[in-house]
Amino acid sequence: MKPEGPLFRPVKLAQFPSAVKEFLATRDTTQDTQDTQATRDTQDADPYTAPDAAPGLAPGAVGVPVPVDGRADLTQSLDLAEQLYDAIRRPRPLDLGILLGADRLPDGLAELAGPLAAEWLPEERLADTAALLRDHPGGLLLVGCYDRLTLDPVRSLLFATYRSRTHALTLLSGRDTASLAWSVAKQYARPTAAIGAVGLFTDTDRPPHLPGVQVHDDRDFERVDIQAAILGTRWRKVAFQGHGKDDSVNLGEFTICGLSPAAEARPGLLGPRCSYGLPCYKPEDKLVPLHRVPAVEVVLSACNSGPLADLALYDPKYQLLLNALDGPARTVVAAVSVHDSDRPENVAWMRAALTGGDTVDTLNASLAGSHPYPAFLRFGLPDATAPAPEPADHRPDPLLLTVGRRLNALLGSELLPHNHTLRPRLTKLARKVDLWVARPTHLADQSAAEIQASLTADLQSLDHVLAGQVASDPEDELMNYPAHFGDRSSLDPEVREVTCHCGRPAQEFTRRGLLPQILDTVCAVCMRCGDVTFRLPEAPSLLAHSADEVGQGGVLEVRAELTAARTGPVRLGLFVPSYLRADATVEPEHAKVRAVGGRPTDVAFRVRFDPATAPQAYYFTVFAVQDLAVSTARRHFGVLPG
């Protein structure tokens, strides 16, 4: 039930202390005694929406006081906030709070912030971050004017709580004490349930349009009045992503602007063009004043959109973060420095916004696979109802990287001529792999399972074509890979003792490619049989077992011993030298098995010889194809007179 008066009460600074006392004293005392387990469970589910039986402010209670002396912009923000929030509730407090510069804060501000933390410690405790966090696990709230948010101590706290499962850092701040009081006051507000709009405005991405999210990208900026779309919608969460500085975010010709209509410029500090009397670098009729955006949560996904006070490039009068804090948003998320936000972060944020995930946890977790430092800060108490996500790992599946390297070698090493029949299909797959590997799309446009399924389908199709190509023409340029790569390689000093399929000892060694487009090759050499096997690393290994001799008109039984590098389909075949093909028939022409990685599998072939086959020494070659790699094993035998 909404109070009879406004949720927020503008007061003069001199009235602020008494107004805070009146506000905190105005409760329904009968509610204070009804703290049941059901109440606690509900508060845990939604810390900002307590049931009627929960401790809270009684209907008709006075609004939260905000000192607005000479601050018409704050008065306007209070009016905007009335459209976004419908009740005043005490949020669930964080575990620990620290006031920065408490001696400089006006009377009443510490008291207003008091219910936001269960325990308050003196600022001196920040001198030893490690001890502070060791002694006090849980959420940590820093409250102070912007000039107190400096590298020391915020940086150490930020890094210490980054990726922590036991600590979380939250800040409340503002350009001055009036703005800070407004930031604190907003934490008592409960968003109107009817406000559910979620929006993403991006100038650097064309993300998928998820159901329930209004997405505007560069294609919209020339045909949609983005200014009207932003200012004319009541947003539950809205994110602005694009290039900019700490005073602006670019959205095509539109610009999210940080210029404050109330703050005075400080002589001697750097400012944007407009601070020197020059026109804005963007059309001024397309500027979007950030403090006028009607949103419960604002996300500034641009580099340096929320720098610490001693990192800021521009005068505070022009800073995005401070402009957002002056607006009606209860929560502002901004980037403390540079970051690589792109498609993965946009998609992760949209999903989190729809499911109750915390924005800062979501964005920092997604970026954890790209850089080792936290990118985003939260200004406003967390209200997530979903657990914090695990840090993202944007590394693609190893198979994808293996296939990418093989495609790079097949297409870029001059192994295959420009008119080779496989080039068009290999080129098409290479484009897809490049897209899948790229961080802006990996696990964003497609899930890992979808990428894996698509890659597997492409590989099976190409492996089938490759096997057929080798079987029909064993002298195809593709089969020259051991010599082509070997000539552009150096010998790895490690040599392994193995057993040849003739039963004698053999040596296995690796030639390391000297250029990025040259693959390593693995070869086994027997002093009797010669170079017996060739394969690529992480490709199937083969041995070929058969009798040493067969009579004219006879049948040579061949057992191919296959050990696949990974579980999956493998295509096999057998061929004899060109001068024997007219007198020999291979059965079957092809074989397909589903091999288990690391486990030997036997595949049977037969070679039938014509009675007129000339008696002499011959050889046959067994080959296996998996994931664009062809492995071979050559075996000598002799044909005897019938």
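The values are calculated or read from the model by the stated rules, or taken from the named source; none is laboratory data. None of these values were measured; they are calculated from a predicted model. FYI the Cβ positions are ideal-geometry reconstructions off the backbone, even for glycines, and counts take in every protein chain you see. Just so you know, the surface numbers come from the protein's heavy atoms only, side chains and all, with ligands and any DNA or RNA stripped out. Shrake-Rupley method; radii C 1.70, N 1.55, O 1.52, S 1.80 Å.
Straight-distance candidates among the lysines for linking to Lys12, with alpha-carbon spacing under 29 Å and chain neighbours fewer than 8 residues away dropped: Lys2, Lys21, Lys186, Lys317. Over the range 486-630, the Kirkwood radius and the radius of gyration, each from Cα atoms, give a ratio Rg/Rh of 0.99.
The largest accessible area among Phe534, Phe16 belongs to the first residue in Phe534, Phe16, and the rest follow in falling order (1.4 Å probe, all chains). Here the range 66-216 is treated as a sphere whose radius is the Kirkwood value from Cα pairs; by Stokes-Einstein at 10 °C and 1.306 mPa s it diffuses with a coefficient of 91 µm²/s. Helical runs (DSSP H, four residues minimum) scored at -39500 (n - 2.57) apiece and divided by the length of the chain put the mean residue ellipticity at 222 nm at -7500 deg cm²/dmol.
Using only alpha-carbon positions in the chain, the gyration tensor eigenvalues give semi-axes of 70, 25, 22 Å once each is multiplied by 5 and square-rooted (largest first).
Ordering of 323-334, 88-99 by packing is 323-334, 88-99, highest average first (other Cβ atoms within 10 Å, averaged per residue).
Each peptide in 228-234, 490-496 receives the mean, over its residues, of other Cβ atoms within 10 Å, and ordering these scores from highest gives 228-234, 490-496.
Using the 1.4 Å probe convention, the accessible area of the range 467-509 works out to 54 Å² per residue with neighbouring protein chains retained. Antiparallel DSSP bridges in the chain: what percent, to the nearest 5? Beta bridges within the chain, antiparallel portion: roughly 65 percent.
With q set to 0.09, 0.22 Å⁻¹, the log10 of I(q)/I(0) for the range 316-466, from the Debye formula over equal scatterers at the Cα positions, is -0.43, -1.35. Computed as a quarter of the hull surface, the mean projected area of the alpha carbon convex hull for the range 239-335 stands at 5.7 nm².
Per residue, the convex hull spanned by the Cα atoms of the range 192-269 measures out at 118 cubic angstrom. Straight-line reach from Lys282: taking Cα to Cα under 16 Å and skipping same-chain neighbours fewer than 8 places apart, the lysines in range are Lys245.
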